[in-house]
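Below is one structure; the comments refer to it alone.
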Amino acid sequence: MAEEYRTVQHDKPFQYEEGGYQVTRGCAWTGPGCHLGCGVIMYQDADGKLAKCEGDPEDPWTNGRLCMRCLDVPEVTHHKERLQYPMKRAREDRGLDKWERISWDEAYDLITDEFMAMKEKYGAESVIFAQGTGRDIAAYITRLSWSFGSPNYTGLLSGQACYLPRIAGMAATTGAPWIPDAAQQFPERYDHPDYEVPEVMFVWGNYPLKSNIEGFYGHWVIDLMKRGMKLVTVDPKVTWLASKSELHLRVRPGTDAALALGMMKVIIEEDLYDHEFVDNWCYGFDELAERAKEFDVKRVSEITWVPEEKIIAAARMLGNAKNSTLQWGVAVDMTREAMPAGQAILALWEITGNMERPGGMIVAPEILSVAGGWGREILGPEQEAKRIGIKDYPLYNFGFAVSQPDETVKTIETGVPYEIHGAWLQTTNPIACMGADPQRLYKALNKLDFIVVVDLFKTPTIAALADVVLPACTFPERNGIAFVSGAQRGSTINKVTDVGECRSDMQINLELGKRWNPEAWPWDNVDEMFTDMLKPTDMSFEELQEVAPAYQPIEYYRYKTGKLRKDGQPGFNTPTGRIELWSNFYNQAGLDPLPYFEEPEPGPGSTPDLMGEYPLVMTSGARTWGMFHSEHRQIERMRHYRPWPLMEIHPETAAKYGIKDGDWVWMEGPMGRAKRKAKLTPVMDRRIVSCDHGWWFPEGDPEKFYDVFDLNINNTLPWIPGKSGFGSNYKSSICKIYKVEEGE
Ligand SMILES: Nc1nc2c(c(=O)[nH]1)N[C@H]1C(S)=C(S)[C@@H](COP(=O)(O)OP(=O)(O)OC[C@H]3O[C@@H](n4cnc5c(=O)[nH]c(N)nc54)[C@H](O)[C@@H]3O)O[C@H]1N2
Ligand SMILES: Nc1nc2c(c(=O)[nH]1)N[C@H]1C(S)=C(S)[C@@H](COP(=O)(O)OP(=O)(O)OC[C@H]3O[C@@H](n4cnc5c(=O)[nH]c(N)nc54)[C@H](O)[C@@H]3O)O[C@H]1N2
Ligand SMILES: [Mo]
């Protein structure tokens with residue numbers, strides 16, 4: 001093992017026997033869906049089944065803590081409705097529940113014949129490879145797409161409105177992905193001598209207790225508060241964390257950029273920024289200050305619905321803090337002009353000198369270079385140039401190499417600039433969750449000649465669109481390496497059980513990859529492939545299994561020592577070597593180089609004429625404990641906690657429309673409507689409703705696609721991205737509500 005890695009002392013090997021169980025230590029990830037790698041201990045019983053899954057007390061990230069979805073993972077893994085063998089359906093039977101069981105070899109032959117014929121006839125770009133949210137599977141999907149020759153690896157989420165806007169924005173303006181410093185890079189955590197607890201943390205458009213995103217755990221917020229940290233929450237809703245916060249900014253959905261620019265004006269005017277850092281390490285401060293002048297607190301208060309004194313108080317708390325950190329979330333990406341919103345928010349921590357400082361913002365080291373996709377060199381420049389959307393949206397060159405989703409849907413529909421004929425959908429259920437306007441997406445995908453879906457369960461997308469289905473493994477059924485989000489450490493996912501004929505996503509992609517492009521997939525099995533990927537760490541997969549989690553600690557202030565730039569010069573990895581508050585890359589892309597605010601549309605500020613008919617602001621998709629996106633609806637114990645798709649609404653607003661708690665209602669926007677069950681709660685602002693996303697009824701009729709078109713909240717959302725191609729209004733729209741009639 002390479003010197004620089006640090007590990008925790010384990011009393012036992014990673015596998016041992018105890019109390020009649022075969023016990024395996026490892027980390028969790030997906031499936032079922034999750035965003036992180038919690039330390040787990042899994043118990044296999046005498047029948048070879050996963051009997052229980054518990055938190056690993058030795059894990060410095062989680063210390064034995066585990067959420068309900070992982071505690072319940074045996075129910076998911078051994079669920080009777082799991083897909084257990086490959087299936088096919090005749091093209092003319094699409095949409096009907098007429099499936100035929102086939103062997104893996106038959107499935108591989110069929111897929112290979114279809115995709116290779118398309119490649120020959122229309123070019124490899126005529127097959128798209130789409131995934132859902134970031135899982136430890138992403139690297140293998142990119143490699144499959146690129147080794148097949150298709151540049152059109154993507155996620156079917158309008159404006160890639162999840163993390164990618166922030167990732168691309170941070171890459172373009174600072175040359176690095178920033179995360180809040182909660183001492184996660186040290187095995188000894190908060191006790192590490194270099195670490196300092198942040199004086200104040202902002203939780204902005206994020207609810208980390210439920211969502212645990214991008215390598216960050218909600219319980220760390222509590223750990224840090226116990227160590228004296230103050231909390232500021234930016235959220236329209238009175239969440240539990242908001243109720244524990246020093247300050248709660250109840251922002252109107254989609255107006256975060258205005259709020260940030262308003263705070264910026266205060267910080268600059270009151271001279272609360274870090275002159276030393278701004279003068280030496282930032283570029284374009286004067287221009288930024290000029291822009292911020294437009295955001296007078298009074299105006300910002302009118303736009304955001306946040307009282308003036310709270311905007312000022314928040315700015316002072318940040319500006320006066322010795323160190324401060326930002327835990328932001330997907331709500332920042334889920335507004336059309338997400339790029340300037342993220343740019344404005346991060347700039348607050350930049351001008352206050354909180355970058356690379358203990359208890360500020362830190363850069364996760366890229367231990368394996370697979371985070372932005374694995375195997376891009378295989379694709380080659382000629383195919384790369386055909387990536388959909390890359391000409392119109394040059395910022396898609398930063399961060400992940402994905403095709404632009406809105407343009408991808410348009411390309412499928414129009415055949416311009418070229419025809420799309422096939423789709424590989426792995427870890428995604430786009431007509432139930434990811435896609436905006438699901439009816440439009442369904443019609444587009446239904447034009448394709450051949451669609452393969454790799455999943456754990458039969459989903460609306462499978463019912464409506466798949467021609468071949470491949471059954472994948474949950475994490476206790478397979479091995480894997482976990483280095484992706486929260487790249488500060490490496491862990492392994494360790495197999496404990498088998499289910500039917502399921503194969504792991506990695507195995508599936510390796511086996512198909514070997515058929516399509518054997519040079520790109522030279523390994524005999526997945527463990528060998530993992531060992532090869534782990535080369536930069538000098539650890540084999542088997543070694544890492546024993547010692548994981550392995551840490552590569554982060555030093556602070558690397559911009560002073562040249563360790564942030566590839567050329568070894570001091571500074572940041574940008575054209576000017578500074579953090580670019582005025583962005584050269586944005587300017588080159590024909591975009592405003594400075595952060596700005598645009599009213600979410602539709603909305604009270606942009607379409608006042610529509611507010612008569614659609615008087616309420618609607619936000620959607622706030623995470624819930626027991627569900628991960630469109631998953632877990634068939635898992636009895638998780639469904640028990642969220643039996644129905646809810647719409648949270650203030651009791652007074654509900655009363656105005658004659659709606660009682662538990663009523664079924666239609667939530668209708670200018671584009672369409674979806675059914676929800678009203679949940680009356682004073683945590684909502686009277687002007688805003690919040691709707692669950694990802695709903696379908698697995699207990700429903702597969703030939704009606706499990707009612708997905710009645711239930712999908714995205715019926716009300718269009719495919720319109722921001723000017724940069726990033727961002728979309730998933731969390732800011734408008735609606736009216738009325739009761740569902742009997743029989744509807
Ligand atoms: N209105 C609204 N819509 C939203 C959001 C919102 O906030 N509001 N959030 C959006 C965001 S941020 C995202 S990232 C997307 C997420 O969208 P997706 O990631 O596409 O989420 P799902 O629809 O749950 O699809 C995941 C599918 O993968 C399957 N799966 C789970 N684990 C595995 C595995 O290990 N292997 C394989 N092969 N399959 C697996 C599941 O069974 C499920 O069918 O949704 C978006 N949709
Ligand atoms: N249990 C569970 N965990 C998950 C997921 C899941 O489906 N279930 N999905 C995973 C995925 S892919 C993602 S991207 C993350 C997302 O996780 P988060 O980033 O935490 O996002 P959300 O839970 O959608 O929303 C967070 C908060 O934003 C508030 N909010 C809504 N609109 C706005 C707005 O316009 N501005 C601001 N400032 N706040 C707003 C909501 O009220 C909510 O409390 O969660 C991941 N983790
Ligand atoms: Mo996401």
DSSP beta bridges in segment 608-739 [antiparallel fraction, %, rounded to 5]: 65
Test item: Cα-centred dipole of segment 56-145, Lys/Arg +1 and Asp/Glu -1 on Cβ, debye: 260
Sorted largest first, the C-alpha extents of segment 167-220 along its principal axes in whole angstrom are 34, 27, 21
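So how strong a dipole does the chain carry about its Cα centre when Lys and Arg Cβ are +1 and Asp and Glu Cβ are -1, to the nearest 20 debye?
Numbers: 80 positive and 108 negative charges, 292 e Å.
In debye, rounded to 20, the chain gives about 1400.
Highest mean first, what order results for 513-520, 16-23, 139-146, 228-235 on Cβ atoms within 10 Å?
Working: 513-520: 15.5, 16-23: 12.2, 139-146: 26.6, 228-235: 21.6.
Highest mean packing first, the order is 139-146, 228-235, 513-520, 16-23.
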Sorted largest first, the C-alpha extents of segment 514-605 along its principal axes in whole angstrom are 56, 41, 29
What whole-number distance in Å separates the alpha-carbon centres of segment 1-49 and segment 647-710? 40
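Please state, rounded to one decimal and in Å, the Kirkwood hydrodynamic radius that segment 608-739 gives when every pair of distinct Cα atoms enters the mean of 1/r.
15.3
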Residues in segment 310-345 near a label at residue 270, defined as backbone nitrogen under 11 Å from the 7 Å Cα→Cβ point? 310-321
What's the FRET efficiency of residue 9 with residue 105 using the Cβ-Cβ distance as r and R₀ = 35 Å, to the nearest 0.05? 0.15
What does a probe at residue 449 reach in segment 405-427, counting residues whose amide N is under 20 Å from the point 7 Å along Cα→Cβ? 409-425
Given the Cα atoms of segment 68-121, and with Rh set as the inverse mean 1/r over their pairs in the Kirkwood sense, what is Rg to Rh to two decimals? 1.16
Going by Cα centres, segment 552-606 and segment 97-161 are how many Å apart? 33
With a Cα-only, solvent-free Debye model of segment 214-343, what are the log10 I(q)/I(0) values at q = 0.10 Å⁻¹? -0.33
13 Å cut-off, amide nitrogen to a point 7 angstrom out along residue 576 Cα→Cβ, residues in segment 278-308: 278-290
In whole Å, what is the distance between the alpha-carbon centres of segment 214-229 and segment 477-550? 31
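May I ask for the equivalent-ellipsoid semi-axes of segment 419-470, computed as the square root of five times each C-alpha gyration tensor eigenvalue and listed largest first in whole Å?
Rounded to whole Å, the semi-axes are 15, 14, 8.
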Put a dot 7 Å past each Cα toward the Cβ at residue 738 and residue 384; how far apart are the dots in nm? 5.4
Distances longer than 19 Å among the Cα atoms of segment 298-424: what percent of all pairs is that? 67
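Between residue 91 and residue 569, what length comes free when the chain is fully extended (0.36 nm per residue of separation minus the Cα-Cα distance, one decimal in nm)?
Here the segment from residue 91 to residue 569 would lengthen by 166.3 nm.
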According to the Cα gyration tensor, what semi-axes, each the square root of 5 times an eigenvalue, does the equivalent ellipsoid of segment 452-499 have, listed from largest to smallest in whole Å? 28, 15, 7
Whenever you get a sec, compute what percent of the accessible area on segment 608-739 sits on carbon and sulfur atoms (1.4 Å probe). 54
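Quote the relative contact order of the chain in percent (integer), defining contacts as alpha-carbon pairs under 8 Å separated by 6+ residues.
Details: 1720 pairs, mean separation 152.1, N = 744.
About 20 percent, as a whole number.
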Translational D (Stokes-Einstein, µm²/s) of segment 429-559 at 37 °C and 0.692 mPa s when Rh comes from the Kirkwood sum over C-alpha pairs? 188
Separation of the residue 607 and residue 240 label points, Cα + 7 Å toward Cβ, nm: 3.6
Could you work out the Rg to Rh ratio of the chain, with Rh taken as the Kirkwood radius (inverse of the mean 1/r over all Cα pairs)? 0.94
Cα-based Debye curve of segment 527-661 sampled at q = 0.14, 0.20, 0.22 Å⁻¹ gives log₁₀ I(q)/I(0) of -1.02, -1.14, -1.21
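Order 337-343, 563-569, 538-544 from most to least packed using the mean count of other Cβ atoms within 10 Å. Could you put the intermediate results ahead of the total?
Values: 337-343: 30.6, 563-569: 13.1, 538-544: 17.6.
Ranking, from highest mean packing down: 337-343, 538-544, 563-569.
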For segment 143-160, in order, what is each residue's ³J(HN,Hα) by Karplus, 6.51 cos²θ - 1.76 cosθ + 1.60 with θ = phi - 60°, in whole Hz (x at glycine and Pro)? 5, 5, 4, 6, 6, 6, x, 8, x, 9, 7, 7, x, 8, 10, 3, x, 6
Cα-Cα separations in segment 116-186 greater than 14 Å, expressed as whole percent: 70
Looking at 523, 198, 620, which one has the Cα that reaches farthest to the positive end of the dipole of the chain (charges on Cβ: Lys, Arg +1; Asp, Glu -1)? 620
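Based on alpha-carbon atoms only, what is the radius of gyration of segment 639-713 relative to the globular estimate 2.2 N^0.38 Å? Mind showing how you got there, number by number?
Numbers: Rg = 12.9 Å, N = 75, 2.2 N^0.38 = 11.3 Å.
For segment 639-713, the normalised Cα radius of gyration is 1.14.
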The chain: antiparallel DSSP beta bridges as a percent of all, rounded to 5: 50
Determine, from the Cβ-Cβ distance of residue 657 and residue 439 and an R0 of 25 Å, the FRET efficiency 1/(1 + (r/R0)^6), rounded to the nearest 0.05. 0.45
How big is the C-alpha Rg of segment 159-264 next to the rule-of-thumb value 2.2 N^0.38 Å, as a ratio? 1.14
What 222 nm value per residue comes from the helices of the chain, counting each DSSP H run with n ≥ 4 as -39,500 (n - 2.57) and dividing by all residues, nearest 500 deg cm²/dmol? -7500 deg cm²/dmol
Quick one: if you take sqrt(5λ) for each eigenvalue of the C-alpha gyration tensor of segment 93-216, what semi-axes come out, biggest first, whole angstrom? 42, 18, 15
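Which value, to two decimals, describes the C-alpha radius of gyration of segment 221-276 once divided by 2.2 N^0.38 Å? All intermediate terms of the calculation are to be shown ahead of the outcome.
Values: Rg = 13.7 Å, N = 56, 2.2 N^0.38 = 10.2 Å.
Its radius of gyration relative to the 2.2 N^0.38 Å reference: 1.35.
For a quick protection proxy, order the peptides 38-49, 210-221 by their average other-Cβ count within 10 Å, most packed first.
Working: 38-49: 18.4, 210-221: 21.4.
The peptides rank, most packed first, as 210-221, 38-49.
The values are calculated or read from the model by the stated rules, or taken from the named source; none is laboratory data. As the structure is a computational prediction, the values presented were derived from the model and not from experiment. FYI the Cβ positions are ideal-geometry reconstructions off the backbone, even for glycines, and counts take in every protein chain you see. For the accessible areas, the whole protein counts, side chains as well, though only heavy atoms, and no ligand, DNA or RNA atoms are used. Shrake-Rupley method; radii C 1.70, N 1.55, O 1.52, S 1.80 Å.
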